1. Picking from 9, 39, 4, which residue would you name as being over 17 Å from the mean Cα position of the chain (by Cα) and over 24 Å from residue 133 (Cβ atoms)?
2. Looking at 31, 78, 60 in this structure, which one is more than 16 Å from residue 114 (Cα to Cα), under 14 Å from the mean Cα position of the chain (by Cα) and open to solvent by less than 70 Å² (accessible area, probe 1.4 Å)?
3. When the residues of the range 35-57 are filtered to those that are of a type outside the set (Gly, Ala, Ser) and touching a residue at least 24 places away in the same chain (Cβ under 8 Å), which remaining residue is surrounded by the fewest Cβ atoms within 10 Å (Cβ to Cβ)?
4. Regarding residue 11, is this residue of a type outside the set (Ser, Thr, Tyr), touching a helix residue (DSSP H, G or I) at 6+ places or on another chain (Cβ under 7 Å), open to solvent by 70 Å² or more (accessible area, probe 1.4 Å) and under 24 Å from residue 138 (Cβ atoms)?
5. Using beta carbons and a limit of 7 Å, which pairs, at least six apart or on different chains, have the first residue in the range 18-34 and under 14 Å from residue 142 (Cβ atoms) and the second one among the aliphatic types (A, V, I, L, M) and surrounded by 12 or more Cβ atoms within 10 Å (Cβ to Cβ)?
6. The conditions are (1) under 13 Å from the mean Cα position of the chain (by Cα); (2) touching a residue at least 60 places away in the same chain (Cβ under 8 Å); (3) closer than 17 Å to residue 12 by Cβ, and residue 117 fails exactly one of them. Which is it?
7. Give all pairs with beta carbons closer than 7 Å in which a residue from the range 126-143 that is more than 13 Å from residue 18 (Cβ to Cβ) and assigned to a helix (DSSP H, G or I) meets a residue that is open to solvent by less than 30 Å² (accessible area, probe 1.4 Å) and among the charged types (D, E, K, R); count only pairs at least 6 apart in sequence or on separate chains.
8. What tally of residues in the range 81-95 results from selecting those that are over 26 Å from residue 23 (Cβ atoms) and either open to solvent by 80 Å² or more (accessible area, probe 1.4 Å) or more than 16 Å from the chain's Cα centre (by Cα) (or both)?
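The values are calculated or read from the model by the stated rules, or taken from the named source; none is laboratory data. Here the structure is a predicted model, which is why all the values come from computation and not from measurement. We place every Cβ from the backbone using ideal geometry, glycine too, and count neighbours over all the protein chains shown. Note: accessible area is taken over every heavy atom of the protein model, side chains too, but ligands, DNA and RNA are not part of it. Shrake-Rupley method; radii C 1.70, N 1.55, O 1.52, S 1.80 Å.
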Amino acid sequence: MRVGFTAAGARRGCRAALALTIGLMPFGLVVGMAADAKGLSLLETLVMSGLVFAGTAQLVALELWADPAPVLAATLAVLVINLRMAPMGAALAPVLDRLSGLRLWGSLAVLVDNAFALMVAEMRAGRRDAGFLVGASLTMWAN
């Protein structure tokens, strides 16, 4: 199987993720309400969501939020929660092992559960385009 990273794959991933984004919207509202309850501004909430980009980790970080913020405790908690991404990345080795540099690390940086599931379905269908993973992930990130 040929492994690629194409714009066509990214567009296909974007289209595949659009239906999922509707289901993610209520979760985004919950994170926004939790952030507001902790006193974060809209900008702070958007930056946190953009940087953390993992739903459970966002909620844990917000739950630990205090003044002063326990940065080390929140960082460790989020790290432990996101360790589940390591075996997901390993499972995508048939697609990711031929990538390097920004394409590899960028694909891993935006990896989330839903995009992983979509990519596994792509792999089972015989397609090996890492652009699909990035397109699906960035669509969910933008949501």
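1. Numbers: 9 fails: over 24 Å from residue 133 (Cβ atoms); 4 fails: over 24 Å from residue 133 (Cβ atoms).
Only one candidate qualifies: 39.
2. On the way: 31 fails: under 14 Å from the mean Cα position of the chain (by Cα); 60 fails: under 14 Å from the mean Cα position of the chain (by Cα).
Step by step, each of 31, 78, 60 is checked, and only 78 is more than 16 Å from residue 114 (Cα to Cα), under 14 Å from the mean Cα position of the chain (by Cα) and open to solvent by less than 70 Å² (accessible area, probe 1.4 Å).
3. Quick first cut of the range 35-57, residues of a type outside the set (Gly, Ala, Ser) only: 36, 38, 40, 42-48, 51-53, 56.
Keeping just the survivors that are touching a residue at least 24 places away in the same chain (Cβ under 8 Å) gives 38, 40, 52-53, 56.
Numbers: 38: 17, 40: 17, 52: 20, 53: 17, 56: 14.
Selected residue: 56.
4. Numbers: of a type outside the set (Ser, Thr, Tyr): yes; touching a helix residue (DSSP H, G or I) at 6+ places or on another chain (Cβ under 7 Å): yes; open to solvent by 70 Å² or more (accessible area, probe 1.4 Å): yes; under 24 Å from residue 138 (Cβ atoms): yes.
So residue 11 fits the description; yes.
5. Every condition considered, the pairs that remain are 20/140; 21/140; 24/140.
6. Just one mismatch for residue 117, condition (2).
7. Pairs that qualify, where the first residue is more than 13 Å from residue 18 (Cβ to Cβ) and assigned to a helix (DSSP H, G or I) and the partner is open to solvent by less than 30 Å² (accessible area, probe 1.4 Å) and among the charged types (D, E, K, R), are 132/122.
8. Step one: filter the range 81-95 for residues over 26 Å from residue 23 (Cβ atoms), giving 90, 93-94.
Keeping just the survivors that are either open to solvent by 80 Å² or more (accessible area, probe 1.4 Å) or more than 16 Å from the chain's Cα centre (by Cα) (or both) gives 93-94.
Going through the range 81-95 one residue at a time, the tally reaches 2.
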